[in-house]
Structure formats: C-alpha cells, structure tokens
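Contents: one structure, followed by commentary.
The values are calculated or read from the model by the stated rules, or taken from the named source; none is laboratory data. Keep in mind that what you see is a predicted model, and the values were worked out from it rather than measured. Ideal geometry is used to build each Cβ from the backbone, glycine not excepted, and the neighbour counts take in all protein chains shown. When the accessible area is computed, the model is the full protein with side chains, heavy atoms only, and any ligands, DNA or RNA have been set aside. Shrake-Rupley method; radii C 1.70, N 1.55, O 1.52, S 1.80 Å.
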Amino acid sequence: MRVLSWRNAYKVHPAADVFPMMSDEELATLGEDIKANGLKTRPVFWIDDRGNQFLLDGRNRLEAMERCNVALPKTFPVVQGDPVAHIIGLNIRRRHLTKEQQADLIVAAHKAVAAEVAARKADKYIGRNGEPPSEDKPRQVGEVSAKGGRGKLDKVKVAAVATAKEHGISRRTVERAMSKAERPKIKMLRHGEGVALGKPKTKPAPKAASTLTMDVGIEAARSHYALEFVALDHDERVAEWKRLYAALEAAVHEHEELQQ
C-alpha cells in the first residue's frame with residue numbers, strides 16, 4: 001500500500017487545517033480531473049520570519065493528486081503579507097456560508113494560530129530554568145501582536161474582528177462566535193475535566209488517602225496537582241505543561257472578556 005506523503009513534505013498552516021477537506025468521492029473526482037486536464041491552480045505557500053514554509057492553500061489538490069498517482073508540482077508560488085487573512089479570504093469565497101458561519105471559521109482560524117504560538121512558547125519555556133518565554137521574538141505562523149491600553153488585549157479577538165471587518169462581518173457577530181468557541185473549554189475547566197475539547201467525560205480515579213487533606217484554596221490545589229504531576233514521565237509532563245499553559249491563557253482571556 002502506498003503511503004501518502006505530501007503532509008510529511010509540506011507543513012500545513014494551522015489556520016488552513018480549520019477548513020474541512022473534501023470527501024473521498026470529491027477527492028477522487030478532483031484527482032481524475034487533474035490527471036486528465038492538468039493542475040490549473042498550483043498550491044500556495046507562505047514563509048515566516050525564520051524561513052519556515054507553510055502551505056496556505058491546496059490541501060485538496062495535493063491529496064487528490066497523490067491518490068491518483070499524479071506527480072506533485074516541484075515549484076510553488078509564495079505569497080506575502082498576512083497568511084491568515086489569505087487563507088480566510090480564499091475559503092470564505094469558495095463556500096456558501098452565512099455571516100455567522102464565516103465568523104465561526106474566522107475565530108477558529110485565529111484560535112488555531114494562537115494555540116500553535118502558545119505551544120511554541122511552552123516548548124521554549126520548558127528547560128529554561130523557570131525563565132518565562134520571551135515576547136520579543138519574530139512573528140511566526142501569522143501571530144498578531146496586540147498591546148496597549150489598560151491590561152492585556154485579547155489577541156485572537158483583535159485579529160478576528162479586523163479580519164471579519166474586511167468581509168463585512170460585524171464586531172458583535174465575532175463576539176458571539178468567540179463566546180461560542182470559548183464556552184465548552186471554560187465549562188470543562190470549571191468542572192475539572194481537562195482542557196482538550198471533545199475529551200470524553202470519565203469518572204476520576206480515587207486518590208490515595210495519603211495525598212488528601214482538609215485544606216482548601218489555591219495552595220491546596222497546587223499541592224495536590226504537584227503530587228499528580230511528579231508521577232508523570234518526561235513526555236507526559238511536557239504534554240501536561242502545554243495543556244496547563246493553554247488552559248491558563250484561556251482562563252485569562254475569559255476573565256478579561258467578562259471585565260469589558
């Protein structure tokens with residue numbers, strides 16, 4: 001069996017992966033059309049400040065070509081400017097969507113980029129002897145800088161509102177999409193069910209009597225968490241640290257939204 005390799009060869013921009021792929025039947029039809037008539041529009045790439053290449057557009061074409069054993073292109077066009085805006089602009093024009101659906105996808109695309117940036121910060125944080133990740137670094141993966149005013153701005157919201165405005169979508173529609181996107185995550189955090197969306201609910205395992213106390217408050221919570229954390233192996237600790245970092249960012253954003 002031939003293993004599809006285009007995703008190994010080309011890194012897909014996280015905002016592009018928000019938009020669903022074609023069905024198997026549609027991919028087969030597309031592949032046969034490309035085989036018969038040639039590739040009319042080549043996939044598009046973007047290069048960040050560190051020279052990393054990201055596929056912005058063309059996942060379905062590459063997938064269809066590999067499935068039909070059509071040779072992939074050897075050269076690709078590279079676009080300049082904001083990669084997220086480019087991805088959203090192309091996909092919104094291709095799909096018959098309501099303004100609410102467009103806002104949902106715009107928010108999802110910007111949140112995917114924010115999650116990628118948070119994961120990179122967490123990677124940088126680990127192994128740096130407690131030194132927090134630096135904010136003074138080149139922008140990557142379409143990261144948006146948003147500072148100023150009283151307190152920290154919600155970068156995802158700022159970026160999503162700006163992108164939505166270009167497509168005639170109101171700020172209020174974006175705010176509703178943001179609330180919809182955040183609600184499941186915050187609900188799970190409040191119930192102690194983890195931070196991964198879609199994670200099935202499971203009954204927590206009983207804890208050893210020696211780890212339990214009658215203490216309450218954040219200090220007791222830290223103590224209990226630390227006892228669980230030290231029992232993890234290295235890879236599990238890295239994964240847990242990333243989840244915790246993302247959870248704290250989500251909680252801060254939720255708090256700031258409520259304060260506005």
Quiz item: Any idea which residue in segment 10-52 is surrounded by the fewest Cβ atoms within 10 Å (Cβ to Cβ), counting only those that are under 16 Å from PHE76 (Cβ atoms) and free of Cβ contacts under 8 Å to residues at least 12 places away in the same chain?
Solution: GLY51
Exercise. Kindly establish whether THR75 is of a type in the set (Val, Ile, Thr), under 19 Å from LEU90 (Cα atoms), in a loop (DSSP other than H, G, I, E, B) and free of Cβ contacts under 8 Å to residues at least 40 places away in the same chain.
Key: no
Quiz item: In segment 91-112, is there at least one residue being touching a helix residue (DSSP H, G or I) at 6+ places or on another chain (Cβ under 9 Å) and part of a loop (DSSP other than H, G, I, E, B)?
Solution: yes
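Quick grid of which residues meet (1) under 16 Å from the mean Cα position of the chain (by Cα); (2) more than 24 Å from THR163 (Cα to Cα):
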position: THR41; (1), (2): no, yes
position: ASP57; (1), (2): no, no
position: LYS74; (1), (2): no, yes
position: GLY81; (1), (2): no, no
position: THR98; (1), (2): no, no
position: VAL113; (1), (2): yes, no
position: VAL117; (1), (2): yes, no
Quiz item: What residue, of ARG59, ARG67, is at pLDDT 90 or above, among the basic types (Lys, Arg), open to solvent by less than 30 Å² (accessible area, probe 1.4 Å) and out of contact with any Phe, Trp or Tyr (no Cβ under 8 Å at 6 or more places or on another chain)?
Solution: ARG59
Self-check item: Qualifying position, being touching a Pro at 6+ places or on another chain (Cβ under 7 Å) and closer than 28 Å to GLN101 by Cα, among ASP49, ASP57, ASP24, ASP17
Solution: ASP57
Practice problem: Report the residue count in segment 87-110 for those that are closer than 18 Å to HIS13 by Cβ and surrounded by fewer than 23 Cβ atoms within 10 Å (Cβ to Cβ). | Solution: 9
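Tally up the residues in segment 21-33 that are more than 11 Å from ARG67 (Cα to Cα) and not polar (S, T, N, Q), please. Step through it out loud before you land on a result.
First, the residues of segment 21-33 that are more than 11 Å from ARG67 (Cα to Cα): 21-23, 25-26, 33.
Checking which are not polar (S, T, N, Q) leaves us with 21-22, 25-26, 33.
Selection size over segment 21-33: 5.
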